[in-house]
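Inspection log for the structure reproduced underneath, given as structure tokens.
The values are calculated or read from the model by the stated rules, or taken from the named source; none is laboratory data. These numbers come from a predicted model, not from an experiment. For neighbour counting, all protein chains shown are included, and Cβ atoms are generated from backbone atoms with ideal geometry for every residue, glycine included.
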Amino acid sequence: MPQKTFFITGANSGFGLAIAQAALDAGHRVIGTVRSQTARASLLEQLPGVCAVLCDVTEFDRILAIVAQAEQDYGPVDVLINNAGYGHEGVLEESPLEEMRRQFDVNVFGAVAVAKAFLPHFRERRRGFVVNVTSMGGLITMPGLAYYCGSKFALQGISDVMRAEMAPFGVYVTALCPGSFRTDWAGRSMVRTERAIKDYDALFDPIRAARHAKDGKQSGDPAKLAAAVLQLVVSDTPPPQLLLGSDALRLVRERLFRLEKEIADWEEVTGSTDG
């Protein structure tokens, strides 16, 4: 594979770190973003070969300048890995709107702001690859993840439109949809709303307990996800979305089956509204 330059947001942990490691090992140049000097020092300690850049994706007004400086310092970027994000867990009725706003600022607006900073460069060069890390939670839902799934559904839809708009210019866009992997997503990185309404205990408490118990024991291997990403970015026919993990495959297929049944059950009513 010819050497490429990767720009990876949230590169100091989780999928970002795994992809950065794999890309460096394969001989690519990696620009990795972090939010603080402490995180920068940690990233450089783990991956001395990375080009570490300070970038908080919610500081929207600074992103254009950061991207321009990165391209000036390290050369044209070939692959954007829009990875920065986090999970929010909480019953919808109990979860403050401020927590939803923060979730969307990072997972949606931040990802879109970074992508928009790169699209003019990719369009003008008639090449480039945007990988937006969504989730199986951008295709299915589960109780207690309304804000998270909502943000990932939003990014999923935006990615699909972005793909169609950039295709005439030779720019690829894929939404990466992982299932459960051994990262900090369900542990240190997750924001959890405190429980308050007992009516939800029977539904939600077992879900929260199961997520705690499973943390660190998920079936997904981040290193194998990183290898799949390297395979994806050299494909001449990349998919609009790429599911990763057997649980993602199973749960999305189950959702599609239910959706087909719902459409069939209500087909007569659906068609009755045409005038």
Scanning for something surrounded by fewer than 22 Cβ atoms within 10 Å (Cβ to Cβ), at pLDDT 95 or above, outside any helix (DSSP H, G or I) and not aromatic (Phe, Trp, Tyr), does region 7-25 turn up at least one residue?
no
Search region 196-242 for residues being touching a Pro at 6+ places or on another chain (Cβ under 8 Å) and hydrophobic (A, V, I, L, M, F, W, C), and hand back the single one that is nearest to Met1 (Cα to Cα).
Leu232
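Yes or no, residue by residue, for (1) out of contact with any strand residue (DSSP E or B) (no Cβ under 9 Å at 6 or more places or on another chain); (2) in a helix (DSSP H, G or I); (3) in contact (Cβ under 8 Å) with a residue 24 or more places away in the chain:
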{"position": "Ala115", "(1), (2), (3)": "no, yes, yes"}
{"position": "Glu124", "(1), (2), (3)": "yes, yes, no"}
{"position": "Val131", "(1), (2), (3)": "no, no, yes"}
{"position": "Thr141", "(1), (2), (3)": "yes, no, no"}
{"position": "Cys149", "(1), (2), (3)": "yes, yes, no"}
{"position": "Leu155", "(1), (2), (3)": "no, yes, yes"}
{"position": "Met162", "(1), (2), (3)": "no, yes, yes"}
{"position": "Tyr172", "(1), (2), (3)": "no, no, yes"}
If Asp215 satisfies every condition in (1) over 20 Å from the mean Cα position of the chain (by Cα); (2) farther than 26 Å from Leu230 by Cβ but one, which is the exception?
(1)
Return the only residue of Gly137, Gly75, Gly150 being at positive phi and at pLDDT 95 or above.
Gly75
Any idea which residue in region 196-218 is farthest from Ser13 (Cα to Cα), counting only those that are surrounded by 12 or more Cβ atoms within 10 Å (Cβ to Cβ) and in contact (Cβ under 8 Å) with a residue 40 or more places away in the chain?
Tyr200
Looking at Ala186, Ala196 in this structure, which one is over 29 Å from Ala70 (Cα atoms), over 18 Å from the mean Cα position of the chain (by Cα) and modelled with pLDDT under 95?
Ala196
Give region 44-62 a look and list any residue that's part of a helix (DSSP H, G or I) and either in contact with a Pro (Cβ under 8 Å, 6 or more places away or on another chain) or farther than 21 Å from Gly216 by Cα (or both), or say none.
Leu44, Glu45, Phe60, Asp61, Arg62
Could you list, ordered by first residue, the pairs with Cβ atoms under 8 Å in which the first is in region 247-275 and surrounded by 10 or more Cβ atoms within 10 Å (Cβ to Cβ) and the second is in a helix (DSSP H, G or I) and aliphatic (A, V, I, L, M), at least 6 apart or interchain?
Asp247/Met136; Ala248/Met136; Leu251/Met136; Val252/Met136; Thr270/Ile263
Looking only at region 26-42, filter to residues that are under 20 Å from Ala223 (Cβ atoms) and buried (at least 22 other Cβ atoms within 10 Å of the Cβ); which one of those is farthest from the chain's Cα centre (by Cα)?
Val30
Go through region 130-140 residue by residue and tally those that are buried (at least 23 other Cβ atoms within 10 Å of the Cβ) and not β-branched (Val, Ile, Thr).
4
Quick one: Gln231 ticks every box in (1) in contact with a strand residue (DSSP E or B) (Cβ under 7 Å, 6 or more places away or on another chain); (2) part of a helix (DSSP H, G or I) except a single one, so which number is it?
(1)
Which numbered condition Ala65 fails, given (1) without any contact (Cβ under 8 Å) to a residue 12 or more places away in the chain; (2) small (Gly, Ala, Ser); (3) farther than 23 Å from Ala20 by Cβ:
(3)
Candidate set: region 83-93, residues that are more than 12 Å from Arg208 (Cβ to Cβ) and of a type outside the set (Phe, Trp, Tyr); chosen: the one surrounded by the fewest Cβ atoms within 10 Å (Cβ to Cβ)
Glu93
